[in-house]
Structure formats: C-alpha cells, structure tokens
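Data block below; observations after.
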Amino acid sequence: MQIDKQTFQFLKDLKENNNREWFTEHKKDFTKAQNNAKEVYKTIQENLNKHDEVDKHKLFRIYRDVRFSKDKTPYKTHFGGSFHRKKPELRGGYYLHICPGDSFLAGGFWEPNKEDLLRIRKEFEMDASEIREILQEKNYTQYFGGKLEGDELKTAPKGFDKEHPDIDLIRKKGYIAIQHFSDEEVLAPEFLTKVDDAFKALRPFFDYMSDVLTTNLNGESLLD
C-alpha cells in the first residue's frame, strides 16, 4: 500500500482549481484519491498497533470551515489524519499530512489542556534532565533533529522564573516532533515503512510523557 501518483496529482489540480464547480466535475477523481488515502491511513494504524496501542484514527474532511477565515477557498489541498493512543494510560498522538510540496509527520502534544500543560511545565521546572536525554537519543535525533517544536510564550508562564535554565521548554505551549518529506519520498514504495520507523522513534518520548501525565510530582499514580 502506498500513496498513488494520481492522488498527488489530484491535490495539485485542486490547488489550482479550488472552487465548487471544478470539484463537482472531478468528484470521481476525489473519491479515488480519498479511498487511496483511507487505505494508507488504515495501513499506518495497523503498523502502529504492532508496537503501540492506537484505539482509533481519523482522516480529516477535505471540506474547509470558512466561516471565520479570510481564506474562502472551500477545500483543503491536502489529506491529514491523526492516530490516538489508548487513554488514559497512554498519552500523545500521531499525525500524517500529505500535501504536494509540504508533506510531514508529527507526534506529541498539540495544544494540551491547561492541566496537562501545567503538569508538564512543573516537571520540567523540577528536573528536565530526562527529557533532554531523550531528545538527544540517536533515533530521535535522526528523525526529528533533537528538537521539540510548537508555539511558545515570549516570556515565562505565570508563576515560573524567566531565568530558569530550562525556560526554553517551560514556555512552550505544545510539544511536537516533526519530520518533513519530499514528494519523491512520499511516492516511494517504502514510504509507509519510513513513517512507521519515525513513529517508533517517538516511543521513548511518549513513554516519558505518559508517565509524567499519569503521576503527580511525587511520582504517585493518578490512575489508581
């Protein structure tokens, strides 16, 4: 199973013709592309469940909500899908974005709720050595460059010291690992293997963050 060239071509054509008339005329092409994407994301979930516990995945709709957007084009020009780890004991999620010229995968914690965000920040305030060791592991560095991405505050969050040595982690509003792919990589037969290998490299990060988010600062379980 892999991304078809026709699927990529449909997304390219849609970008050049992002209107309802063109989309209606090419609905059959969209259906083929969408079915290909569904099979790809289904296969990724099957691969993930060989080494993780993913209880569901979601392929996002191609129709855009334009009510509050300056961009009134009606369709997304990419396929995006997320994979949810089994809660409450497993935390973090996976994401794959298929878009000509801008394909990437990501994993981590995008806009965590305020309770989880505070818990993560408190952990890093107390001791960030473990997360820094994980970010420098060979596999994580190979796939994600040893970085955590995501929006961040310009200064320290309320209640935290702006001079704290780990303020670069504490002021983040999300904790995301991202790997980008060229179009040639996406269309190659081994692409789904590359995706799965990258997701495997996230496991130490996920295991650590799951432990943080299911315990208090004394290390006592919140699940009992």
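The values are calculated or read from the model by the stated rules, or taken from the named source; none is laboratory data. This structure is a prediction, so every number in the text was calculated from the model and none was measured. All Cβ positions, even for glycine, are placed from backbone atoms using ideal geometry, and neighbour counts span all protein chains on display. Accessible surface is based on the protein model in full, side chains and every heavy atom, while ligands, DNA and RNA are left aside. Shrake-Rupley method; radii C 1.70, N 1.55, O 1.52, S 1.80 Å.
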With criteria (1) in contact (Cβ under 8 Å) with a residue 24 or more places away in the chain; (2) part of a helix (DSSP H, G or I), His164 comes up short on (2)
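Return yes when Lys28 is over 20 Å from Arg85 (Cβ atoms), open to solvent by 100 Å² or more (accessible area, probe 1.4 Å) and either touching a His at 6+ places or on another chain (Cβ under 7 Å) or part of a helix (DSSP H, G or I) (or both) and no when it is not.
Details: over 20 Å from Arg85 (Cβ atoms): yes; open to solvent by 100 Å² or more (accessible area, probe 1.4 Å): yes; either touching a His at 6+ places or on another chain (Cβ under 7 Å) or part of a helix (DSSP H, G or I) (or both): yes.
So Lys28 passes the test.
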Go through region 35-82 and give me each residue that's open to solvent by less than 70 Å² (accessible area, probe 1.4 Å), free of Cβ contacts under 8 Å to residues at least 40 places away in the same chain and not in a loop (DSSP other than H, G, I, E, B). Asn36, Gln45, His57, Leu59, Gly80, Ser82
For region 83-95, name all the residues that are open to solvent by less than 30 Å² (accessible area, probe 1.4 Å) and assigned to a strand (DSSP E or B). Phe83, Arg85, Gly93, Tyr94
So, in region 136-169, how many residues would count as being of a type outside the set (D, E, K, R), out of contact with any strand residue (DSSP E or B) (no Cβ under 9 Å at 6 or more places or on another chain) and open to solvent by less than 30 Å² (accessible area, probe 1.4 Å)? 5
In region 134-154, anything touching a Pro at 6+ places or on another chain (Cβ under 9 Å) and over 20 Å from Glu89 (Cβ atoms) is listed as Glu137, Asn139, Tyr140
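Report the residue count in region 96-119 for those that are farther than 23 Å from Ala198 by Cα and either in contact (Cβ under 8 Å) with a residue 24 or more places away in the chain or open to solvent by less than 20 Å² (accessible area, probe 1.4 Å) (or both). Spell out how you get there, then give the answer.
Just the residues of region 96-119 that are farther than 23 Å from Ala198 by Cα, to begin with: 113-119.
Filter once more, keeping what is either in contact (Cβ under 8 Å) with a residue 24 or more places away in the chain or open to solvent by less than 20 Å² (accessible area, probe 1.4 Å) (or both): 116-117, 119.
Looking only at that region, the number is 3.
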So how many residues does region 129-161 have that are assigned to a helix (DSSP H, G or I), in contact with a helix residue (DSSP H, G or I) (Cβ under 7 Å, 6 or more places away or on another chain) and of a type in the set (A, V, I, L, M)? 2
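Would you check which residues across region 140-160 are among the acidic types (Asp, Glu) and free of Cβ contacts under 8 Å to residues at least 24 places away in the same chain and list them?
Narrowing region 140-160 to residues among the acidic types (Asp, Glu): 149, 151-152.
The answer is Asp151, Glu152.
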Is there any pair with a first residue in region 12-33 that is in contact (Cβ under 8 Å) with a residue 60 or more places away in the chain and more than 16 Å from Arg64 (Cα to Cα) and a second that is open to solvent by 60 Å² or more (accessible area, probe 1.4 Å) and in a loop (DSSP other than H, G, I, E, B) whose Cβ atoms are under 9 Å apart and which are 6 or more apart or on different chains, and what are they? Lys12/Gly101
